[in-house]
Structure formats: C-alpha cells, structure tokens
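Accompanying notes for the structure given below.
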Amino acid sequence: MSVIVLIGPPGSGKTTLGRLVAERLGVGFRDTDADVEAVAGKPVSDIFVEDGEARFRELEHQAVRQALAEHDGVLSLGGGAVLNTETQALLAGHHVVYLQVGLADAIQRVGLASARPLLVLNPRSQLKKLMEERRPVYESLAVVTVATDKREPEELADEIVKGLPA
C-alpha cells in the first residue's frame, strides 16, 4: 500500500513534492500520468487528441488501481483521476494528501502555453473552472490538506512527512 497519495490540480506540485517526499522517506516515487504514458506509448496530450478524454480516463483509472495495489512508496495521481467514483473508493484507507494551490500560483507553475490538454482554449479560465469543480472532491478524499502557495518545495515536503501517522 502506498505510504502517501498526492492529489491536487495541475500546478499544485504533485510531481515535485512527490519526488522530495519519497527521497526523505527512502521510498520510491510513482506518477500515474507517467504510467499511462508508458502503457499508451505516447504523451498524455497525444492520448487526449488522438484517442479522446474517455480513453485517457480509462487508462488513468487502470493505472491508479494498479499503482495503489503494488506501489509502497509515494504516489502522485493526475489532477482529474479523482473524478472517477471507482478511484475515489480505491483511495479509502490511504494517506491522501491534497495539495491546495491558488489560481495565481498554479498558473505561474503550469504556464499558460502548456501542453496540458484540458487547458488549451483559454488556459486561465479553464484552470480556474477545473480547480473550482474538483475542489470538493479533493477535500472529501484528503486525510491532510497542505496549502502550497508562496512556499518552497523543501518546506512543503517536510510538512507532508511530519503529517504522516506514526
């Protein structure tokens, strides 16, 4: 079972913090977006364009299910993975950390010219909408919420590690 599962919107720091926390704990780091890309043989953005969001979400759910079953380190989920109700059920009993980020910080981290498929047309507006829609789900699944705005990754990683159950 994963030690920590990181959830949050694009730009919240899941990958950066996941690697730092895993390093501090001496465990492996796994990112379900990378797992999806490995299975599909192409980047997430290409899966969206060529195969559609539904296919991506299917691959994503399979990746989350597999990672939760076999990975015993820090796991980072794609921002929208938590929208799947089966995935939500799988997260029960895990130490889920919601990385909360404000719109300004998320935009600064993601960039508006990003290759993120759900942010193509009007990135700022799309990211704001996406964050608002997903916030209640993130909050309901989280055991711990960590605010990431205007904070250094090292400080955040320490906070996450300190918040682990004994």
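The values are calculated or read from the model by the stated rules, or taken from the named source; none is laboratory data. Remember, it's a predicted structure, so these values are computed and weren't measured experimentally. Quick reminder, even Gly has a Cβ in these numbers, built from the backbone with ideal geometry, and neighbours come from all protein chains shown. Surface areas here come from the heavy atoms of the whole protein model, side chains and all, with no ligands, DNA or RNA. Shrake-Rupley method; radii C 1.70, N 1.55, O 1.52, S 1.80 Å.
Here PHE56, PHE48 are screened, and the one residue that is of a type in the set (Phe, Trp, Tyr) and buried (at least 20 other Cβ atoms within 10 Å of the Cβ) is PHE56. I'm checking my understanding of the structure. Among residues of region 15-38 that are open to solvent by 20 Å² or more (accessible area, probe 1.4 Å) and under 12 Å from the mean Cα position of the chain (by Cα), which one is nearest to GLU58 (Cα to Cα)? Residue satisfying both the conditions and the ranking: ASP33.
For residues that are within 18 Å of MET131 (Cα to Cα) and either over 14 Å from the mean Cα position of the chain (by Cα) or part of a strand (DSSP E or B) (or both), tally how many sit in region 1-13.
Final tally of qualifying residues: 2.
Considering only residues in region 149-164 that are in contact with a helix residue (DSSP H, G or I) (Cβ under 9 Å, 6 or more places away or on another chain) and in a loop (DSSP other than H, G, I, E, B), the one that is nearest to GLY26 (Cα to Cα) turns out to be LEU164.
I need the full set of residues from region 90-115 which are at pLDDT below 75, open to solvent by less than 50 Å² (accessible area, probe 1.4 Å) and either in a helix (DSSP H, G or I) or closer than 13 Å to GLY8 by Cα (or both), in order please.
Keep residues of region 90-115 that are at pLDDT below 75, which gives 103-104, 106-115.
Then drop every residue that is not open to solvent by less than 50 Å² (accessible area, probe 1.4 Å), which leaves 103, 106-107, 110-111, 114.
Result: LEU103, ALA106, ILE107, VAL110.
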